[in-house]
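The structure appears right after this line, and notes come after that.
Throughout, read-outs are computed from the coordinates displayed, never taken from laboratory work. None of these values were measured; they are calculated from a predicted model. Using ideal geometry, Cβ is built from the backbone for each residue, glycine included, and neighbour counts are taken over all protein chains shown.
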Amino acid sequence: MKHVVIVAHPSPDSFNLSVANTYCQTVQELGHSAVMRDLYRMEFDPVLKDGEIPRPSGFAAAVDVVAERRLIADADVFVLIYPLWFYMPPAVLIGYIDRVMNMGFGYGPIRSGGNAPLLAGKKLFSISSSGAPEIWVEKEGALQALKLLLDGHFSAVCGLEVVGHLHCGSITPASRRDVVHDRLRLLRQEIAEHFSVP
């Protein structure tokens, strides 16, 4: 099973990068393969170009998008790892979805009743973090909104099966090392529950 791990955080020393590295290591220990797409270190351009917008008059994926699609086309699992800023994912992650997962890769031409999903049989797993405590994120409806609009809509359009959404609250640069290690330990357990071969 191939996991494409898409991580969006500007700091290479962030909790999110630790999560991405832990995720990759854990699935590899389970006998799977993992490819990390570190959007900030890749300097991925999140800006959707006019010519990339699907129109009856025509459109085409840019060269960087074509290369990215080629790299991730055989993924079995797409993993989104990101912090919440103003209770939203970073713009670079949304731009990645806008440009890479759009028409011709995530979904096909419009048919009666909607688009044709092109990623059926593949899975989506999301891991988000916030400085705010988990109870606040839940109480204010941010997590439910993410699960509905990002996980739910994105997966429905592309035909992905949502495996889960793990949220880690109260994560700040001042978080104690033992707290971070405990979160990573729980992440390993959750990955094993979802992806271990029975």
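Remark on Cys168: its backbone amide H falls under 5 Å from those of Ser128, Ser129, Ser130, a criterion applied only to residues 5 or more positions apart or on other chains, H modelled at 1.01 Å from N. Helical content of the chain, expressed as a calculated mean residue ellipticity at 222 nm, amounts to -10500 deg cm²/dmol (DSSP H runs of 4 or more residues, -39,500 (n - 2.57) each, divided by residue number, nearest 500).
Within the range 4-100, which chymotrypsin sites (Phe, Trp or Tyr not before Pro) sit in a loop by DSSP and count at most 16 neighbouring Cβ atoms inside 10 Å?
Numbers: sites: Phe15, Tyr23, Tyr40, Phe44, Phe59, Phe78, Trp85, Phe86, Tyr87, Tyr96; in loops: Phe44, Phe59, Phe86, Tyr87.
Hits after loop and neighbour filter: Phe59, Phe86, Tyr87.
Put simply, the amide H of Ala116, placed in the peptide plane, has neighbours under 5 Å in Gly108, Arg111, leaving out anything fewer than 5 places away on its chain. Karplus-derived 3J(HN,Hα) values for the range 158-172, using 6.51 cos²θ - 1.76 cosθ + 1.60 with θ = phi - 60°, are 8, x, 7, 9, 7, 7, x, 9, 9, 10, 10, x, 6, 9, 9 Hz; glycine and proline are entered as x.
Remark on Val162: its backbone amide H falls under 5 Å from those of Leu124, a criterion applied only to residues 5 or more positions apart or on other chains, H modelled at 1.01 Å from N. Backbone geometry of the range 25-42 corresponds, through the Karplus equation with coefficients 6.51, -1.76 and 1.60 at θ = phi - 60°, to 3J(HN,Hα) couplings of 4, 5, 5, 5, 5, 7, x, 9, 10, 9, 10, 8, 10, 8, 4, 6, 5, 6 Hz, x marking Gly and Pro.
Within the range 125-142, list the residues whose amide N lies under 20 Å from a label point set 7 Å along Cα→Cβ of Leu30. Within reach of a label on Leu30, which here means backbone N under 20 Å from a point 7 Å along Cα→Cβ, the range 125-142 contributes 125-129.
Using a cut-off of under 11 Å, list every residue of the range 1-27 whose amide N is near the label point 7 Å from the Cα of Ile72 along the Cα-to-beta-carbon line. Counting only backbone N, you get 4-8. Listed values for the range 63-80 are Karplus-derived 3J(HN,Hα) couplings in whole Hz (6.51 cos²θ - 1.76 cosθ + 1.60, θ = phi - 60°), namely 4, 5, 6, 4, 5, 5, 4, 4, 5, 10, 4, 9, 5, 9, 9, 9, 10, 9, and x replaces Gly and Pro.
Given (1) 10.6; (2) 12.8; (3) 11.9 as candidate values of mean projected area of the Cα convex hull in nm², which corresponds to the one derived from the coordinates? The listed entry that was calculated here is (3).
In the chain, the sites counted are trypsin sites (Lys or Arg not before Pro) in DSSP loop states with at most 14 other Cβ atoms within 10 Å, and the longest stretch holding none of them, exclusive of the sites, is 50-175.
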